[in-house]
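So the structure is just underneath, and the comments pick up after that.
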Amino acid sequence: MNAADIDACLDDRPADGVFRLRGKVFADAQLFALEQTHIFERTWAFLGIESQLRLPNDFLTTFIGKVPVLVARNAQGRLGAFLNLCRHKGALVARAEHGNKRFWVCPYHGWTYDTAGKNVLVKDQGAGAYPPDFAQLNHDLVPLARFDNYRGLLFGSLNPDVPPLGDFLGEIRPLIDLAMEQGPQGMEFVPGRIAYTYDANWKVQSDNGSDGYHLTSTHPSLMTVVERREAARHGNLEARQFDWRKRFTQSAGMFTFRHGHTAMWMNQGQPENKPIHKSIDEVRTRLGKLRADWMLKGRNLTIFPNLQIADSTSLLIRTFRPLAVNQTEMRVWCMAPIGEDPQVRTWRMRQFEDFFNVTGLATPDDTAMYESAQLGFGAQQMEWLQGYERGTTAIVQGPNDHARELGITPVASNEGPYKLQSEVCLHATYREWARLMKAGLGGTPAYPGSA
Ligand code: FES
Ligand SMILES: [Fe+2]
């Protein structure tokens, strides 16, 4: 494969208002393998949130693409991130998803590491007749090339030549802040998480995170159930969800950002049906009216390549791990202000379960559609997917009034009635996808100037 093969995957002609993708972007195993090395292993990737690691020696495990990663707070309280790979023969050093341990003992041959990643024991080293060089080798866990924290969100990179995290996130940061500053003491995950796999490409979930267009056709049962139980006053009344049809009179829009990040927003109507509404006076006092008002809107962010923050019903963090070209693992957490009123917390959890759980009213519908689409992505007979052009004539280059009031400078903006249900923020995603793939194939830096 070469750059021309990547160019052939997209028909991107902004002057003509054309943006189309080939189905093979989601179905080609060679492209999938290249994404691992040229995207996941060369960009910043989301790892977890700081409040998952509150105590000395707390740890969590995750992946950057196919590479196992271990994030830990060491005995002195300092955060670090390492390859979760034993220096001896590569076994996973930490196998649990999270926990608290003073030492990680590799279960294969017993090499032992402290929570700063330092090797403190090579089992039976003295009797091992090792060559003289062996003692000179660095036996410690390999630290990630880059590791940093933005507002409690932890990111790592396997590539040292990435821009500083703040520059990588860039202008989307104030929108991240709207999620991470909802509580005066910061944010935490509600204990537990949902994890599942679906049989489709990782980018299908990436697309769906900013897809408002599918709501009325994929989720009519959700909308109807919510309406009926409110009318009849029975069923899961504790969830007190939105009446989704009330959104149709509202406005909505999107922003795109450098490095492939995107945001879509919508005025939701019924702001009182968001758990954060209960503490909005505190938010307004702390952060001002404008930001409090924006917290009451629906906002779906995609931080390229593997993080979504969705604040619609409840507030979630979603990260996806590509397992194969047609299989993806999702991990999804409900996020909440630290110290939240227990009754509000309960309500938040019921909303999250109602909509997002794998047993909820929305997620199974979405994954069924992902798997359905995946079945045909490999068909060469259908030339182009036409799902990236809604909203084209509403695109404003640079900021619109909403961006200006937030003080951000996106690459592009648009706004319209709710039913605009724009698809064009995905242009940023696939332009970045193509840019990184071509840089990788051409042997040039992913982020020129960052070396
Ligand atoms: S692989 Fe870890 S001790 Fe052998
Ligand atoms: Fe959906």
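Read-outs: derived from the displayed coordinates by stated rules, not from any lab. Only a predicted model underlies this, so the values are computations on that prediction, with no experimental measurement involved. Neighbour counts are summed over all protein chains in view; Cβ atoms, including those assigned to glycine, are modelled from backbone coordinates with ideal geometry.
Could you tell me which of rounded, prolate or oblate describes segment 359-451, using a ≥ b ≥ c as the square roots of the eigenvalues of the alpha-carbon gyration tensor, with rounded for a/c under 1.5 and, failing that, prolate when a/b is larger than b/c and oblate otherwise?
oblate
Could you work out how far apart the two model spin labels at Asp401 and Gln380 are, taking each label as a point 7 Å from the Cα in the direction of the beta carbon, and quote it in nm?
5.1
Does anything in segment 409-447 have its amide N under 20 Å from the 7 Å Cα→Cβ label point of Val18, and if so which residues?
The answer is 423-432, 434-435.
About the Cα centre of segment 215-287, how large is the charge dipole given +1 on each Lys and Arg Cβ and -1 on each Asp and Glu Cβ? Please answer in debye to the nearest 20.
Using Cβ point charges on Lys, Arg, Asp and Glu, segment 215-287 gives about 80 debye.
If one takes the longest principal axis of the Cα atoms in the chain, at what angle in degrees, from 0 to 90 and to the nearest 10, does the Cα axis of helix 342-355 lie?
The two axes meet at around 80 degrees.
Could you work out how far helix 363-376 tilts from the main Cα principal axis of the chain, as a 0 to 90 degree angle to the nearest 10?
80
Work the Kirkwood hydrodynamic radius out for segment 132-216: mean of 1/r over every pair of different alpha-carbon atoms, inverted, in Å.
That comes to 17.3 Å for segment 132-216.
Of Lys101/Lys297; Lys66/Lys118; Lys101/Lys203; Lys66/Lys438, which sit over 29 Å apart, Cα to Cα?
Long pairs (Cα-Cα over 29 Å): Lys101/Lys297; Lys101/Lys203.
Quick check: residue separation of Gln76 and Val120 times 0.36 nm, minus the Cα distance between them. What number comes out in nm?
Between Gln76 and Val120, full extension yields 14.2 nm more.
Report the FRET efficiency, 1/(1 + (r/R0)^6), for Gln270 and Asp5, where r is their Cβ-Cβ distance and R0 is 51 Å, rounded to 0.05.
0.60
Under a crude label model (7 Å from the Cα following the beta-carbon direction), how far is Phe189 from Ala231 in nanometres?
For the pair Phe189/Ala231, the computed spacing is 3.9 nm.
Extension gain Lys66-Ala145, at 0.36 nm per residue separation less the Cα-Cα distance, in nm?
Extra length available between Lys66 and Ala145 comes to 26.8 nm.
I'd like the FRET efficiency for Glu389 and Thr218, computed as 1/(1 + (r/R0)^6) with the beta carbon distance as r and R0 of 22 Å, rounded to 0.05.
The pair Glu389/Thr218 has a calculated efficiency of 0.70.
Two-decimal Rg/Rh of the chain from alpha-carbon positions, Kirkwood Rh?
That ratio is 0.98, to two decimals.
So what J values fall out for segment 223-228 if you push phi through Karplus, 6.51 cos²θ - 1.76 cosθ + 1.60 with θ = phi - 60°, rounded to Hz, Gly and Pro as x?
Running phi through 6.51 cos²θ - 1.76 cosθ + 1.60 with θ = phi - 60° gives 4, 6, 4, 4, 4, 5 Hz.
Spin-label point model (7 Å from Cα, Cβ direction): what's the Ala135 to Ser251 distance in nm?
In this crude label model, Ala135 to Ser251 measures out at 7.3 nm.
Note the angle between two axes, namely the Cα long axis of helix 426-442 and the longest principal axis of the Cα atoms of the chain, as a number of degrees from 0 to 90, rounded to the nearest 10.
Around 30 degrees separate the two axes.
Would you mind ranking Trp202, Trp384 so that the residue whose beta carbon has the fewest other beta carbons within 10 Å leads the list?
Trp384, Trp202
What's the FRET efficiency of Phe103 with Gln343 using the Cβ-Cβ distance as r and R₀ = 60 Å, to the nearest 0.05?
Computed FRET efficiency for Phe103 and Gln343: 0.90.
Return the sequence-ordered ³J(HN,Hα) values of segment 104-119 in whole Hz as given by the Karplus equation 6.51 cos²θ - 1.76 cosθ + 1.60 applied to θ = phi - 60°, using x for Gly and Pro.
So the J values, rounded to whole Hz, are 9, 9, 5, x, 7, 10, x, 4, 10, 10, 8, 7, 8, x, 7, 6.
Rounded, prolate or oblate, given the Cα gyration tensor of segment 52-148, with a/c below 1.5 counting as rounded?
Prolate, because a/c is 1.5 or more and a/b exceeds b/c.
Under 1.5 on a/c is rounded, so check that first for segment 158-274, then, if it is not, pick prolate when a/b is larger than b/c and oblate when it is not; a ≥ b ≥ c are the square roots of the alpha carbon gyration tensor eigenvalues.
In terms of gyration-tensor shape, prolate.
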